[in-house]
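Below you'll find the structure, written out as structure tokens, and then a few comments.
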Amino acid sequence: MERGDLELGEVDSIGQETMQSLLDCVEDEENHTNRFSPSMHMAPDMTQDSVVQRLLDRVKKEESHINQFSPSNYMAPRTLRDMSPSSFNPQVVSIGPLHREDENVQAFEVRKTSYLIGLMRRANSPQEEILKLCVEKVYASMEQIKACYVWKKAYSDAEIADMMIMDACFILEFLFRYSNDQIAFEEGISQLSVILIDLILLENQIPFFILDEIFQCTVLEFSPNASLLILIYPVLAYLNIFTEGINMDNISVNNTHHILSLLHQCYKPPDNIITTTDPITTIPSVVNLDRAGVNFKPNKDPTWLMGMEVEAYMFPCFFGSLSKPTLRIPVLKMDDSTEIVLRNLIAYEQSGRTHGYVTSYALAMDMLVDTQEDVAKLVDSGVLVNTIGSNDEAANMINSICKGTLLLDFFYKEQWVKLNKYCDAYWPKNIANMKRTYFNSPWNMIALVAGTILFAVTVVQTIFTIKSCVDYQFSSPFAHLDGCLITSYHVFV
């Protein structure tokens with residue numbers, strides 16, 4: 001019988017071992033014997049013939065395209081990982097197989113059992129019955145689970161099932177405790193924030209359909225009206241990189257690979273957004289745009305959290321009209337988790353088959369920010385909240401976030417075209433040049449003011465000199481006649 005053909009109530013010998021392993025974990029925790037060992041029960045050694053047959057089956061399966069699932073849980077691309085390895089490694093808890101053997105997560109592996117017990121105790125059904133149902137669900141999807149990962153190490157079906165059930169139960173119980181403000185007292189505030197970040201790392205995920213299956217087997221047993229999306233929402237809200245709240249109304253669970261994928265969908269743009277695959281046109285930095293007359297204000301687009309808009313205000317003048325645009329940008333929160341969240345979202349886009357709207361946003365910010373002066377201007381304009389340190393640190397983070405990425409679709413073409421068209425016009429360009437020449441430093445400004453005052457004094461002095469001469473001539477009406485007589489005398493002589 002194939003793994004996927006299991007019916008309710010039928011569990012093969014390896015499945016029974018998995019369930020027994022989980023039950024042993026529960027019993028050990030309750031008895032405080034510390035004998036937890038999630039992978040001690042392995043499948044029997046395979047004979048040579050079974051190995052050959054297994055390889056042949058895999059070849060046949062690949063050739064006939066039986067496996068229609070594509071990987072969605074993988075290591076970050078090397079070019080991105082090398083930029084910031086700590087952004088992809090879990091610090092406290094390992095989820096899934098990719099970091100299972102990391103030394104720094106081993107201490108928390110034992111603690112997962114207490115979360116499993118907590119979730120089981122919430123249900124009305126016997127623990128063995130619930131675990132049996134979970135095992136059946138996991139084995140029914142075993143091939144799909146295997147196809148979701150680019151594996152670093154080979155695991156038996158029993159180990160995979162044990163891993164999926166334990167991690168899914170931990171996540172669900174953690175979400176329950178977090179939503180009830182219970183977890184902060186148990187784990188501590190500092191460790192809580194680290195665990196929340198660990199849950200959205202690209203390399204630290206389990207398939208979302210498995211999380212949903214275990215949710216149905218456990219949570220719906222004691223809370224029939226519960227929603228998995230609502231349960232996850234507080235985590236996504238905490239890790240949201242914008243001040244504007246996330247909206248999960250239009251999220252499709254069927255297209256969700258894992259929790260990180262769920263957060264990624266929260267930033268999805270509307271379908272009518274114009275994109276381009278043409279070479280991306282750069283724009284001036286924030287400071288240079290400001291010199292040209294561009295204003296910056298927060299954007300609160302209910303349809304797209306990452307949306308940017310260019311608003312043009314027309315002012316009449318003697319030869320037509322002059323526009324002064326405002327670039328509206330979503331308010332970005334620069335805190336300790338922002339870089340990690342952005343790097344993992346970008347790595348997810350670079351690795352999978354999904355649109356690169358987060359990469360597009362990060363590249364747009366990279367174009368706008370060159371130096372700490374650009375960050376300072378965004379902070380003063382209320383479109384950036386910097387709590388990570390200096391403006392220079394924020395600028396360096398923004399400038400490094402897109403290195404090593406490949407962008408196929410840019411989502412801000414329309415806005416960039418408007419800004420470049422404005423900046424290339426006669427008045428904005430010359431105003432920007434004047435500001436750059438005369439107002440780029442205090443000394444230049446002082447010299448300009450001093451020169452202007454000196455010029456004004458000279459002009460006033462000249463005016464008074466001319467005026468005094470004119471007044472003198474008008475006060476002596478015959479002075480010009482005397483001059484004429486003297487001139488005539490010299491001529492006759």
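Which one of the conditions (1) touching a residue at least 24 places away in the same chain (Cβ under 8 Å); (2) buried (at least 21 other Cβ atoms within 10 Å of the Cβ) does Gly382 fail to meet, given that it meets all the rest?
That leaves (2) as the condition not met.
Sort out which residues of the range 339-396 are under 30 Å from Asn73 (Cβ atoms) and β-branched (Val, Ile, Thr), and write them in order of number.
Here is the first cut: in the range 339-396, the residues under 30 Å from Asn73 (Cβ atoms) are 339-366, 388.
Those that are under 30 Å from Asn73 (Cβ atoms) and β-branched (Val, Ile, Thr): Ile340, Val341, Ile346, Thr354, Val358, Thr359, Ile388.
Look through Tyr149, Tyr178, Tyr233 and report the one residue that is of a type outside the set (A, V, I, L, M, F, W, C), assigned by TED's automatic domain parsing to the domain that holds Ala123 and touching a residue at least 60 places away in the same chain (Cβ under 8 Å).
Values: Tyr178 fails: touching a residue at least 60 places away in the same chain (Cβ under 8 Å); Tyr233 fails: touching a residue at least 60 places away in the same chain (Cβ under 8 Å).
Going through Tyr149, Tyr178, Tyr233 in turn, the sole match is Tyr149.
In the range 252-266, what residues are among the β-branched types (Val, Ile, Thr) and buried (at least 21 other Cβ atoms within 10 Å of the Cβ)?
As a first pass, look at the range 252-266 and keep what is among the β-branched types (Val, Ile, Thr): 253, 256, 259.
Residues satisfying the conditions are Thr256, Ile259.
Scan (1) more than 30 Å from Met308 (Cα to Cα); (2) crowded, with 20+ Cβ neighbours inside 10 Å for the single condition Asp198 breaks and write down its number.
Every listed condition holds for Asp198 apart from (1).
Going by the conditions given, is Ala107 assigned by TED's automatic domain parsing to the domain that holds Pro97 and within 30 Å of Met75 (Cβ to Cβ)?
Working: assigned by TED's automatic domain parsing to the domain that holds Pro97: yes; within 30 Å of Met75 (Cβ to Cβ): yes.
It is true that Ala107 is assigned by TED's automatic domain parsing to the domain that holds Pro97 and within 30 Å of Met75 (Cβ to Cβ).
The values are calculated or read from the model by the stated rules, or taken from the named source; none is laboratory data. Since this is a predicted model, take the numbers as computed values, not measurements. Every residue, glycine as well, gets a Cβ built from its backbone with ideal geometry; the counts of neighbours run over all protein chains shown.
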